[in-house]
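Here it is, the structure, as structure tokens.
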Amino acid sequence: MFTEAITVNAPEFLENIQIPQRASYIRVIMLELSRIASHLLWLGPYMAELGAQAPFFYIFTRLRGSSYDLFEAATGMRMMHNYFRIGGVAADLPYGWIDKCLDFCDYFLRGVVEYQQLVTQNPIFLERVEGVGFISGEEAVNWGSYRDRCYELLEYNGIFVK
């Protein structure tokens, strides 16, 4: 969906084309769902590479598949949607789609705690990532990170800087 957004946003910006507010909202919703699906696409195989198979199957069968069901209902395709058009979207959302999307959001939000525990309390995951990737503050600054923000992000994510 993000490549579609780029393809339509450029001509709309250059020609000052105004799109309907509903189409704008639909685009944002679809892009956010696409972002969730992309993050799940990264996380599932990442966990499998670390040897944790349960999160991989959980991510691909329950969560990512559900987001693709929403894409398919709205666009007719699970991938390669071709839904965004210059001036709007190809078609309005089908009847009941918004309720399905809200159900998915509720399901996803309720599952975040379970999902986080499944990953962060997985002994295979912890064995392979704890104590890896320590950097000094000086290294972070040298790599172009703003020091205070870098520390803040690393501490927030549970990564400790020497």
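The values are calculated or read from the model by the stated rules, or taken from the named source; none is laboratory data. Predicted model only: the values in this text are computed from it and were never measured. So basically every Cβ, Gly included, is an ideal-geometry build from the backbone, and we count neighbours across all protein chains shown. In case anyone asks, the SASA skips ligands and DNA or RNA and just uses the protein heavy atoms, side chains included. Shrake-Rupley method; radii C 1.70, N 1.55, O 1.52, S 1.80 Å.
How far, in degrees from 0 to 90, does helix 65-75 lean away from the longest principal axis of the Cα atoms of the chain, to the nearest 10?
Between the helix axis and the principal axis of the chain, the angle is about 20 degrees.
Can you give the extra length, in nm with one decimal, that the chain gains between Ile86 and Glu127 once fully stretched, where that is 0.36 nm per residue apart less the Cα-Cα distance?
Result: 9.8 nm gained on full extension.
Let me ask something else. Considering only protein heavy atoms, what per residue accessible area in square angstrom results for the stretch 8-56 with a 1.4 angstrom probe?
Dividing the accessible area of the stretch 8-56 by its residue count gives 60 Å².
What would the Debye formula give as log10 I(q)/I(0) at q = 0.10, 0.11, 0.18 Å⁻¹ for the alpha-carbon point model of the chain, no solvent?
-0.55, -0.64, -1.08
Separate question: Using 1/(1 + (r/R0)^6) with R0 = 45 angstrom and r between the beta carbons of Asp106 and Glu138, what's the FRET efficiency to the nearest 0.05?
It comes out at approximately 0.50.
Taking a virtual spin label 7 Å from the Cα of Tyr68 along the C-beta vector, which residues in the stretch 5-43 bring their backbone nitrogen under 19 Å of it?
Flagged as within label range: 30-43.
Along Cα→Cβ, 7 Å out, is where each label goes; now give me the distance between the ones at Phe60 and Ala23 in nm to one decimal.
Spacing of the two 7 Å Cα→Cβ label points: 3.7 nm.
Here is a further query. If the only charges are +1 at each Lys and Arg Cβ and -1 at each Asp and Glu Cβ, what is the size of the charge dipole of the chain around the Cα centre, to the nearest 20 debye?
It works out to roughly 220 debye.
Give me the angle, in degrees from 0 to 90, between the Cα long axis of helix 97-120 and the longest principal axis of the Cα atoms of the chain, rounded to the nearest 10.
Roughly 10 degrees, rounded to the nearest 10.
Report the label-to-label distance for Asn16 and Tyr46 in nanometres (one decimal), using points 7 Å from each Cα along the Cα→Cβ vector.
Modelled inter-label distance: 4.4 nm.
Working from Cα positions, state the angle (0 to 90°, nearest 10) between the long axis of helix 2-14 and the longest principal axis of the chain.
60
Heavy-atom accessible area of Glu114 with all protein chains present, probe 1.4 Å, nearest 10 Å²?
Surface open to solvent at Glu114 totals about 90 Å².
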